[in-house]
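What follows is a single structure, written as structure tokens, with notes after it.
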Amino acid sequence: MPSDAVRSVLRLICLAAGLTALLGLQQGALAVCADDSPPWRSVISKFAQEHFKNPAWGYSHSQRDYQLARELAAADHVALDDDVLYAAASLHDMAAFEPLEKSGVDHADQAAAIVDTVLKNTGFPMKKMEAVRGAIRTHMFDRNPVGPEALYLHDADALDWLGAIGVARVLGLVDAHGGNPTAPEVIPQLESNLAKVPPRVLSPSGKKRVPERVEQLQTFLRQLRQETDNLRLL
């Protein structure tokens with residue numbers, strides 16, 4: 001699989017090829033620009049889209065974690081194994097869904113234990129499986145990641161509980177038909193996230209993102225209480 005550096009060079013080549021083709025100076029100039037993503041990623045992406053449907057920890061959450069982890073690592077000038085990160089980010093919450101969940105077992109531990117059953121026979125380089133397991137096992141903010149992929153997935157996942165997206169995720173869990181959880185019942189989760197998550201963001205670039213997201217969440221909660229008679233009219 002091409003490295004990030006190679007991909008960057010290929011993108012520059014593609015840009016030049018595209019301009020050349022537009023100018024009509026060279027036929028077939030775009031041939032070099034074929035998608036270089038390994039086929040297993042499409043398999044995993046399709047699997048995640050079809051099976052992980054939840055407003056708080058579904059497919060879109062996994063994609064945000066992947067993108068943010070890459071951004072944070074790049075800001076810290078840390079190289080990541082993108083195979084490990086993509087697989088772990090895509091599948092880290094898989095055991096929060098039936099039939100993959102296991103009663104009495106934390107979803108992170110269960111996902112780490114069974115992730116190989118999803119990745120095998122997809123073309124994923126299985127020699128990297130233990131790194132994937134480690135990143136999945138420690139993705140929650142209250143756990144201690146070891147290794148760069150685990151660290152940046154951990155911090156991306158933590159930051160996704162804060163800010164505007166943290167509000168959207170938690171409120172998305174409210175039962176629209178009046179069942180549980182109700183809106184007042186999920187607000188304590190936001191307040192808990194505000195208290196517990198920020199100290200557990202560990203990377204330098206992740207720490208820099210915390211104040212803005214904390215302020216966004218604090219502002220929302222303050223305004224919500226003001227506009228609902230301290231949640232009594234929510």
Residue selected from region 119-142 under the condition under 17 Å from Ala108 (Cβ atoms) and touching a residue at least 40 places away in the same chain (Cβ under 8 Å), by the criterion surrounded by the fewest Cβ atoms within 10 Å (Cβ to Cβ): Asp142
Filter result for the condition that a residue is within 15 Å of the chain's Cα centre (by Cα), of a type in the set (Gly, Ala, Ser) and either within 21 Å of Ala87 (Cα to Cα) or assigned by TED's automatic domain parsing to the domain that holds Leu68 (or both), over Gly172, Gly206: Gly206
Number of the exception - Leu151 against (1) farther than 21 Å from Pro55 by Cβ; (2) among the aliphatic types (A, V, I, L, M); (3) more than 16 Å from the chain's Cα centre (by Cα): (3)
Condition check for His61: over 13 Å from the mean Cα position of the chain (by Cα) and in contact (Cβ under 8 Å) with a residue 12 or more places away in the chain: no
Wholly enclosed helices (runs of 4 or more DSSP H) of region 1-78 bearing at least 3 residues at pLDDT 95 or above and surrounded by 12 or more Cβ atoms within 10 Å (Cβ to Cβ): 39-51, 59-75
Scan of region 79-93 for residues that are surrounded by 24 or more Cβ atoms within 10 Å (Cβ to Cβ) and out of contact with any His (no Cβ under 8 Å at 6 or more places or on another chain), ordered by number: Val84, Leu85, Tyr86, Ala87, Ala89, Ser90, Leu91
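Per-residue answers, yes or no, for (1) farther than 22 Å from Ser60 by Cβ; (2) outside the structural domain of Ser203 (by TED's automatic domain parsing); (3) outside any loop (DSSP other than H, G, I, E, B):
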site: Asp109; (1), (2), (3): yes, no, yes
site: Asp116; (1), (2), (3): yes, no, yes
site: Ala131; (1), (2), (3): yes, no, yes
site: Arg143; (1), (2), (3): yes, no, no
site: Tyr152; (1), (2), (3): no, no, yes
Only one of Ala164, Ala168, Ala176 that is at pLDDT below 95, aliphatic (A, V, I, L, M) and surrounded by fewer than 14 Cβ atoms within 10 Å (Cβ to Cβ): Ala176
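The values are calculated or read from the model by the stated rules, or taken from the named source; none is laboratory data. Just so it is clear, the structure is predicted and the values come from calculations on it, not from any experiment. Here the Cβ is made from the backbone with ideal geometry for all residues, glycine too, and neighbour counts use every protein chain on show.
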